[in-house]
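One structure is given below, encoded as structure tokens.
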Amino acid sequence: MAELPPGRTTFSDLRRRPARELPGVGPRIEAGLRELGITSLADLVSHYPSRHEDLSNVKKISDLRVGERATVFARVIDTKGIGRPVRGRSPGFSVTLYDGTGYMPATVWGRQWLQSQLQPETCVVVSGEVQRKYGLQISVKGIEVVDSYNPDEGTAGPHAGSFVPVYPTNRNIAARRLRSLVHRALDETGHILDPLPLGVIESQDLVNLDDAVQEIHFPSTKASLKEALRRLVFHELFIIQAALAARKARTEATEVGRSNAGDGRLLNRFVKGLSFGFTGAQERAIAEVLQDMRLERPMRRLLQGDVGSGKTAVAVAALLTAVESGGQGAIMAPTEVLAEQHFISFTKDLEDLPVKVVLLTGSQGAKERRKNLEAVASGEAHVVIGTHALIQKGVEFNGLSLVVVDEQHRFGVAQRTTIKEKGTTPDTLVMTATPIPRTLSLTLYGDLEVSVIDELPPGRKPVETNVISVAERLDAYEAVGRELDAGRQAYVICPLVEESEALEDVRAAEELHEELTSEVYPDRSVGLLHGRMKAAEKREVMADFNARRIDVLVATVVVEVGVNVPNASAIVIEGAERFGLSQLHQLRGRVCRGLYTPYCYLIAAPKTDDSEKRLQAMVEHQDGFRLSEVDLAIRGEGTLFGGRQSGIADLKVAKLLRDLDVLVEARREAFALVANDGKLSKPENRPLRREIRELLGDEVEWLFRD
Ligand code: ADP
Ligand code: MG
């Protein structure tokens, strides 16, 4: 690039330079790199180490003590497999090491492919914990082949020094090779230009990008590593926040809304007819929503509230306000079951009001659907209920002024775009029960205003949650039987199956249904609900369960979201170890709706530490926000952004639990910057704009449209 001073480069340039440009990168290494997600020099220099090996604490074998973490340089004497193979794979192997002062066995778990590299006489550097097991041994954390087992020989280059980076790697690339490549790439790149505006760097007292990238890989001191990390975390979060701020600025500048100030004539009658009073949190949320709707600019608000916190009533208040001000309101649900349930309860709650509610579903006959579409187009329908797909697909509205999106998390952020109405943009209220930590909501929904319902309706009792082994499952069913005797109802949830086993799913559900009908609850009415049933059948089953004609409902996860039957007080979840934490919480939420003490039985055979932890968390916590933090901690951070769910690039360095403070700062700076330059088109902000475009790609295409 002509205008750059010599020796300077940008991340854009590095993204265009393939990793195979580096000496020594042949097809095999290239494939290995690709597996790690590395194709360009930019990928290589931003393949951050998972940790650093502290080679300042190298020990001799004869000096090792039980319990310490240490690093030794040694020679391999021999290796042998350990334990019985599981599914044809050995659990690991043992290496005997010798370093001149003594012999010591070291155990490597997994990583079987390393064994062949560790021929006798190979020199290695090994780090790990010293344990006592028939004598001392090292439980290996890191092991890598080196040129010499004397750490003082050949101490220059990337593999020596006090902090040596350790990278996530795979069988095609030795750890050492990867380190050399990163080192080489850093040498090749020269100085990297900083896309962050100078003002931000100064006010946040950040080290420059070039130093940060260098130091995160090969730190000179612990303190400089820390500063480098802070800089890169800030960088990553700032870019996302700047994109969100720009999106918000753009929608505010280009979209015209209209004021939807109701006069209360419908809302007040609805409130009077309710069998309960709103909680303080519901009142607050309603006030915030109505306030936004009154403004001329389109509302974009997220309503977060735990399962059973009463979000639907807030939605109804908003919908009625839209109708009062002469418009139409629409609510989209993720499943037909839920859309139907909303239709039934809205029709009942609003029966005394002059409000026409219309349902649109895929299973309606052509004639019925046409009639409903006409009612929507003519304006005869005031409130339209449907699934997401249906409402988005070419429905003609008549003065649509509010769209409520229920159970937003099911749709994914990318689909958040509103339905456009001729001329004006309708108000949008997005509701989610997936409790997400504050950090995450700032990251994912950073361009929305947020209302939180942080209070449950009075009288809700905590769920008594029990984890039950498969051997004891009939005890759980017996306990549920006592609830049935007391007039309550129960759900039994079938084990989760993979998409590919979908047919198995139905069979398993049918088998479970059969077992419960004929053996466990022969005197009760047991119903069955699964995804493959016709819509009309599903509707009938739900209606029967609602009306207590069914005592026990055997179901696949179709009941996960939103289903509301307050008389159900017990839920049994079979194969609970297969469910994610938020799913378990959602399912358990089905029985937190009435005034009886609810029971939840998790029948599980946990096979991993993580599933054990998830189940334990369910026993300990009721609060969805707390559970979501536990979930984040168990799953690690990256996976949250996995797939198309987030619509936002994966986070490489930022950790949402750890970096909340940095996120808040990055957000403040980004919004302040955008307030002064909505399109980031001032010369000093152009590098940032370009970086946003390259990192977030299509997600931010709008930023570059006029
Ligand atoms: P969610 O937030 O999970 O969508 P719902 O809106 O379905 O929760 O409400 C769950 C149940 O709580 C419903 O039966 C609803 O009628 C009831 N409910 C809502 N608000 C209150 C309240 N303030 N007091 C008592 N019950 C309430
Ligand atoms: Mg709901």
Residue order for 584, 696 - accessible surface, 1.4 angstrom probe, largest first: 696, 584
Shape category assigned to the stretch 464-621 from the gyration tensor of Cα positions, a/c cut at 1.5: rounded
Looking at the square roots a ≥ b ≥ c of the eigenvalues of the Cα gyration tensor of the stretch 336-388, which shape do they give, rounded for a/c under 1.5, prolate if a/b is larger than b/c, or oblate? oblate
Through the Karplus equation 6.51 cos²θ - 1.76 cosθ + 1.60, θ set to phi - 60°, convert the phi angles of the stretch 133-140 into ³J(HN,Hα) values in whole Hz; use x for Gly and Pro. 8, 6, x, 6, 7, 9, 8, 7
Non-local amide H neighbours of residue 9 (under 5 Å, H modeled in plane, Pro and chain starts lacking H): which ones? 191, 192, 193
Sorted by accessible area (1.4 Å probe), largest first, how do 325, 363 line up? 363, 325
The stretch 379-400 residues near the modelled residue 356 label - backbone nitrogen below 16 Å, point 7 Å along Cα→Cβ: 379-385, 396-400
Would you mind calculating the relative contact order of the chain from Cα pairs under 8 angstrom and at least 6 residues apart, reporting the percent as a whole number? 13 percent
For helix 609-620, report the angle its Cα long axis makes with the longest principal axis of the Cα atoms of the chain; keep it between 0 and 90° and round to the nearest 10°. 40 degrees
Taking R0 as 60 Å and r as the Cβ-Cβ distance between residue 78 and residue 368, the FRET efficiency 1/(1 + (r/R0)^6), rounded to the nearest 0.05, comes to 0.20
Tilt relative to the chain, helix 280-294 - C-alpha long axis, 0 to 90 degrees, to 10: 80 degrees
Quickly rank 666-673, 126-133 as a protection proxy: mean count of other C-beta atoms within 10 Å, highest first. 666-673, 126-133
For residue 553, other-chain or 5+-apart residues with amide H closer than 5 Å (H placed, Pro excluded) are 490, 491, 492, 527
Can you work out ³J(HN,Hα) from phi for every residue in the stretch 682-694, in order, using Karplus 6.51 cos²θ - 1.76 cosθ + 1.60 and θ = phi - 60°, giving whole Hz and x for Gly and Pro? 5, x, 5, 9, 5, x, 5, 4, 5, 5, 4, 5, 5
Could you give the length gained by full extension between residue 514 and residue 537, i.e. 0.36 nm per residue of separation minus their alpha carbon distance, to one decimal place? 6.5 nm
If R0 is 35 Å, what FRET efficiency do you get for residue 470 and residue 655 from their C-beta distance, rounded to 0.05? 0.45
Percentage relative contact order, the stretch 464-621, counting C-alpha pairs under 8 Å, at least six apart: 33 percent
Determine the calculated [θ] at 222 nm for the chain from helices alone, applying -39500 (n - 2.57) to every DSSP H run no shorter than 4 residues and normalising by the residue count; nearest 500 deg cm²/dmol. -11500 deg cm²/dmol
For residue 53, enumerate residues with amide H under 5 Å from its amide H, sequence gap 5+ or separate chain, H modeled in the peptide plane. 164, 166
Once phi for every residue in the stretch 470-487 is put through the Karplus expression 6.51 cos²θ - 1.76 cosθ + 1.60 (θ = phi - 60°), the whole-Hz ³J(HN,Hα) values, with Gly and Pro written as x, are 4, 5, 9, 5, 5, 4, 4, 5, 5, 4, 5, x, 5, 5, 5, 4, 7, x
With the 8 Å Cα cutoff and a minimum separation of six or more residues, the stretch 224-366 has a relative contact order in percent of 27 percent
Relative packing of 344-350, 194-200, which averages over residues the other C-beta atoms within 10 Å, highest first: 194-200, 344-350
Give me the log10 of I(q) over I(0) for the stretch 235-301 at q = 0.16, 0.28 Å⁻¹, as the Debye formula computes it from C-alpha points; what are the numbers? -0.73, -1.18
Tell me, rounded to the nearest percent, the portion of alpha carbon pairs in the chain spaced more than 49 Å apart. 29 percent
Quote to one decimal, in nm, the extra length available between residue 275 and residue 65 on full extension: 0.36 nm per residue of separation minus the C-alpha distance between them. 68.7 nm
Can you pull the one-decimal nm distance between simple spin-label points at residue 256 and residue 681, each 7 Å off the Cα toward Cβ? 2.1 nm
For the stretch 276-418, what class follows from the C-alpha gyration tensor (a ≥ b ≥ c being the square roots of its eigenvalues): rounded when a/c is under 1.5, otherwise prolate if a/b is larger than b/c, else oblate? rounded
So for R0 = 45 Å, FRET eff. of residue 287-residue 113 from the Cβ-Cβ r, to 0.05, ends up at 0.15
Using only the alpha-carbon atoms, how far is helix 535-546 inclined from the longest principal axis of the chain? Give it as 0 to 90 degrees, nearest 10. 80 degrees
Would you mind putting 34-41, 271-278, 111-118, 233-240 in packing order, based on average other-beta-carbon counts within 10 Å, highest first? 233-240, 34-41, 111-118, 271-278
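The values are calculated or read from the model by the stated rules, or taken from the named source; none is laboratory data. Values in this document were obtained by computation on a predicted structure and should not be read as measured data. Don't worry about glycine lacking a Cβ; one is built from the backbone with ideal geometry, like all the others, and counts go over all protein chains shown. Heads up: the accessible areas ignore ligands, DNA and RNA and are worked out on the full protein's heavy atoms, side chains in. Shrake-Rupley method; radii C 1.70, N 1.55, O 1.52, S 1.80 Å.
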